[in-house]
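These notes concern the structure reproduced below.
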Amino acid sequence: MFQFFKRIHAEESRKLTALILAAFLITFFISRLTVYLVINDFLPDLFLTIGNVHIHHFSYGVVILAATGLFLLLARPEAGRRQLRLASVVYGIGLGLTFDEFGMWVRLEDNYWIRQSYDAVVVVTLLLLNIAYFKPLVKALYERFWQKK
């Protein structure tokens with residue numbers, strides 16, 4: 001299962017994780033800014049509503065994450081390829097859209113400004129930073145949980 005990660009050079013892995021992190025944080029910021037501007041009538045209503053049901057953007061994020069995962073499983077792009085870098089950016093966008101509304105889907109409340117969403121973004125950011133820049137932590141977790149004994 002983890003042969004894919006062994007194929008990717010450590011430096012390439014850091015770059016891909018940095019791309020995911022950058023796309024994640026930019027998407028989170030743009031999502032929050034867009035919602036703020038729409039709610040305060042600085043932008044027209046961009047929200048998708050079908051019938052009387054508002055489709056939240058975490059739904060788009062889940063679809064993007066699923067599509068990216070399917071692409072990576074089926075295409076298996078090689079390390080260093082443009083496809084893998086693009087998939088990393090798209091994956092980060094999906095994470096950003098999904099975790100921007102984390103509090104809503106965890107608490108099942110229609111409260112966009114809930115604190116758990118901010119907490120989740122901090123946790124995901126720290127996790128991605130650890131994966132990108134703290135190899136000993138990742139290595140220890142791999143050896144502890146996934147390495148065949």
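Is it the case, given these coordinates, that Leu95 is hydrophobic (A, V, I, L, M, F, W, C), surrounded by 17 or more Cβ atoms within 10 Å (Cβ to Cβ) and under 11 Å from the mean Cα position of the chain (by Cα)? Here the answer is yes, as Leu95 does meet what is asked.
Residues of segment 51-71 that are β-branched (Val, Ile, Thr) and modelled with pLDDT under 85: Val53, Ile55. Assess whether Phe47 counts as being surrounded by 12 or more Cβ atoms within 10 Å (Cβ to Cβ) and closer than 30 Å to Ile131 by Cα. So Phe47 fails the test. Inside segment 5-33, residues that are more than 18 Å from Tyr112 (Cβ to Cβ), assigned to a helix (DSSP H, G or I) and at pLDDT below 90 make up a count of 12.
The values are calculated or read from the model by the stated rules, or taken from the named source; none is laboratory data. Since this is a predicted model, take the numbers as computed values, not measurements. Glycine gets a Cβ as well: all are built from the backbone with ideal geometry, and neighbour counts include every protein chain shown.
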